[in-house]
1. In degrees, nearest 10, range 0 to 90: what is the angle between the Cα axis of helix 99-115 and the longest Cα principal axis of the chain?
2. Report, by chain and number, residues whose modeled amide H sits under 5 Å from the one on residue 31, excluding near sequence neighbours (fewer than 5 apart, same chain).
3. Label-point separation (nm) for residue 101 and residue 78, each offset 7 Å from Cα along Cα-to-Cβ?
4. Using the alpha-carbon centroid of each, what span in Å lies between the range 57-121 and the range 9-44?
5. Using only Cα atoms and rounding to the nearest 10 degrees, what angle (0 to 90) does helix 66-85 make with the longest principal axis of the chain?
6. Just name one of 5, 85, 20: the one whose Cα is farthest towards the positive end of the charge dipole of the range 5-119 (beta-carbon charges, Lys/Arg +1, Asp/Glu -1).
7. What ranking, highest mean first, results for peptides 3-14, 62-73 when packing means the other Cβ atoms within 10 Å averaged over each residue?
8. Read through the labelled values (1) 0.96; (2) 1.11; (3) 0.98 and report the label of the one computed as Rg/Rh (Cα atoms, Kirkwood Rh) from the structure.
Amino acid sequence: MTPPPWFRRFAFAFGIAFAALYVVAVKLDLALFTVYPSIRVVLLGTHHSRDYVGPSMGSFMPAMYWYGWTATAALGALIVGIGAAFLPERWSQPFWSGWLWVIPVAAMIGCVYLTLPWFRL
């Protein structure tokens, strides 16, 4: 069974936009929410520790931003995907289908580059 053309446009646009927006969310630290799993708290937005007296206290309450970055990228990709689903079919024909693998590969390279400072010895 072949999916309808609007779903194909949605899926392709969502995949490309998610990969690109995830790298942007990580680079700009745009988390939709921050999770503190040790105390079971979820806060809207990106929250960093402001404990200047005892900065080591951050190890007792580590913040997890990954869920927020993923939600930010998914929300943005959903908007792009819905917009692409409503485009006329003739407008989507001139796009090169290679973007479906070029953008995610470039996003993976970008994520590796952004995480290099965490692994410096």
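1. 10 degrees
2. Correct list: 46.
3. 3.0 nm
4. Their Cα centres are 8 Å away from one another.
5. 20 degrees
6. Value: 5.
7. 62-73, 3-14
8. Answer by label: (2).
Read-outs: derived from the displayed coordinates by stated rules, not from any lab. The model shown is predicted, which means the values in this text are computed figures rather than measured ones. Note: ideal-geometry Cβ built from the backbone for every residue, glycine included; neighbour counts use all protein chains shown.
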